[in-house]
Amino acid sequence: MSNSAISFLASEWRDSILIYPLDVRLLIKDIANTHSEELASYFYESLLEDPAGKLFLSHEAVQASLMGSMQRWIQQVFSVDESTDFSANVELQQKVGEVHARIDLPVHLVLLGARTLKRKFVLLLEADVELELEKRHIAFQYVSESIDIAMEVMSRAYAKSFDRKSRAEESYRLFSAIHNAAAEKSRQQSALLDWENQLMFDLTIGTPISNLQLMQVSDFGLWFTHKGSHAFEGFAETKIIFESMKRVECLLPLLEERNQRIEIIKEIRSEVRNIKINLSNLFDRYNELDAGRDELTRLLSRKYLSVVLSKEVSYARKRNVTFSLVLMDLDYFKEVNDNYGHETGDLVLQQCSELLMNQCRAGDYVFRLGGEEFLILLVDTNKEGALRVANKIAQSIREEKFAISNKQTINLTASFGVTLFDGHPDYSLSLNRVDKALYQAKNNGRNQVVYLEPDYVR
């Protein structure tokens, strides 16, 4: 969210809240502070009764890490006055919304939570028998508006983050579906041309119309139906290609009418040209996405980190399995660039990337985060397995002779941080923890593996 947007929402929050009488705001502030634990408990009890809520929450998680955060949130929202930094309030709600998007929290759970909090405040206000009815109504209006404003900020951040995440997921689907776009494009264009040439040849030699090959069962047709359409699902060009293929299928039997054959052939060739144009457009779209692969090492780039982590978190939580993160940094790599030049440094990074890929399974993910820093996501791997892989890679790097010229090699070491996915739907917690582990490894002298236990386990 831009600074101007934050300022606007902060101003809206201030103008909407400070119109309420001071005694009403102080009353709600006192209730929020005094009953924060009760409010938070009521909030989570309602969410845990929802089937979708149980996928994201557990009684253990609530007690271990969420109750305290919710209590602080309640106190913060209802502790505003003239001196409050409303921009900070907006930024807090923004972060909450971004977390909700990151963990794919269903929107209805957020709305249920807001409604639950309002209901509990009503019950607490009604419990105060000495409170005047009019003041009680005003107090509830204040509570409702405060929660609504917080929800509005969250929703804005949620929508923006979710949209960004959806686009990234879509590009990743395309990216992962076709590994060599240039080669595939050339291959399918040739396959389409082969079908067209074969059709013209068969018509020339008098092949019976019933024996002509349908485009759907040609090499191109089979590829597009079973692979291409999946890779490019949702794009308008995909639908257009299918429609052209169907029209060709309808036109082929009409070739029996010899007096119309020339016109029918023209129509068929026109549809083929239409397919070629739209196929080229689809591959051009894909090429725009190739930025998701690191240009130097051809590993996954940071661009797709959030997508992969979201998918793996969802998979792990649904199937009650885990995965591990290994964060690696080449030790004193700056000296390689300084002593031998950046081209040599790039060559070393390429060799290191190949080594990492060779040490990992096909189902694992290897990212180059930037510079000499790499992240490995080891699927279905526990603590022991992750440490075994990290130590194996560390040993391989120590033993590797990195070529810097035709005759010269150098030796390198690396530092590693390792952690286990903790079951928390917000993958950023695992990322922060593995980063701390790497920091400890480097701070303790480098050339070592450091493991940090999760703070929270589902």
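Residue-by-condition table, conditions (1) assigned by TED's automatic domain parsing to the domain that holds L193; (2) within 30 Å of E373 (Cα to Cα); (3) in contact with a Phe, Trp or Tyr (Cβ under 6 Å, 6 or more places away or on another chain):
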site	(1), (2), (3)
T238	yes, no, yes
F242	yes, no, no
I264	yes, no, no
E312	no, yes, yes
R317	no, yes, no
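Suppose the filter is of a type outside the set (V, I, T), within 30 Å of S430 (Cβ to Cβ) and touching a Gly at 6+ places or on another chain (Cβ under 8 Å); does Y315 pass it? Spelling it out, it is not the case that Y315 is of a type outside the set (V, I, T), within 30 Å of S430 (Cβ to Cβ) and touching a Gly at 6+ places or on another chain (Cβ under 8 Å). Residue by residue through the range 359-391, note down the ones that are within 15 Å of D329 (Cα to Cα) and of a type in the set (K, R). The answer is R368, and nothing else. Scanning the range 118-138 for residues that are in a helix (DSSP H, G or I) and either among the basic types (K, R) or out of contact with any Phe, Trp or Tyr (no Cβ under 8 Å at 6 or more places or on another chain) (or both) returns K118, R119, K120, L123, L124, E126, A127, L133, E134, K135, R136, H137. Residues in the range 72-108 that are free of Cβ contacts under 8 Å to residues at least 24 places away in the same chain and surrounded by 15 or more Cβ atoms within 10 Å (Cβ to Cβ) were compared, and the one that is farthest from the chain's Cα centre (by Cα) is Q76. Y44 meets the conditions (1) under 19 Å from K160 (Cβ atoms); (2) touching a Gly at 6+ places or on another chain (Cβ under 9 Å); (3) not basic (K, R) in every case but one. The failed one is (1). What do you reckon, is S280 surrounded by fewer than 17 Cβ atoms within 10 Å (Cβ to Cβ) and touching a residue at least 60 places away in the same chain (Cβ under 8 Å)? Yes: the conditions hold for S280. Restricting to the range 24-66, count the residues that are surrounded by fewer than 19 Cβ atoms within 10 Å (Cβ to Cβ), under 33 Å from the mean Cα position of the chain (by Cα) and under 17 Å from E126 (Cα atoms). Matching residues across the range 24-66 total 1.
Among the residues making up the range 230-240, a single one is free of Cβ contacts under 8 Å to residues at least 40 places away in the same chain and crowded, with 16+ Cβ neighbours inside 10 Å: I240. Taken as a whole, the range 125-136 holds no residue that is in the same structural domain as D23 (by TED's automatic domain parsing), closer than 28 Å to A52 by Cα and either of a type in the set (A, V, I, L, M) or modelled with pLDDT of 90 or more (or both). For the range 352-390, a residue qualifies if it is among the basic types (K, R) and either surrounded by fewer than 18 Cβ atoms within 10 Å (Cβ to Cβ) or not assigned by TED's automatic domain parsing to the domain that holds T413 (or both), and the qualifying residues are R361, K383, R388. In the range 283-299, the qualifying residues are those that are farther than 30 Å from T344 by Cβ and surrounded by fewer than 18 Cβ atoms within 10 Å (Cβ to Cβ), and the one that is modelled with the highest pLDDT is D284.
Do the conditions hold for D329, that is, is it closer than 12 Å to L412 by Cβ, in the same structural domain as I393 (by TED's automatic domain parsing) and modelled with pLDDT of 85 or more?
Numbers: closer than 12 Å to L412 by Cβ: yes; in the same structural domain as I393 (by TED's automatic domain parsing): yes; modelled with pLDDT of 85 or more: yes.
Against the criterion (closer than 12 Å to L412 by Cβ, in the same structural domain as I393 (by TED's automatic domain parsing) and modelled with pLDDT of 85 or more), D329 qualifies.
Identification of helices (runs of 4 or more DSSP H) wholly contained in the range 1-113 with 2 or more residues that are more than 30 Å from D422 (Cβ to Cβ) yields 3-17, 22-34, 86-102. Please determine, by comparing only the residues of the range 328-351 that are within 31 Å of the chain's Cα centre (by Cα) and hydrophobic (A, V, I, L, M, F, W, C), which one is farthest from A403 (Cα to Cα). Only one residue tops the list, namely M328.
The values are calculated or read from the model by the stated rules, or taken from the named source; none is laboratory data. Note that the structure is a prediction, hence the values are computed from the model and not measured. Because the Cβ atoms are built from the backbone with ideal geometry, glycine has one as well, and the counts that use them run over all protein chains shown.
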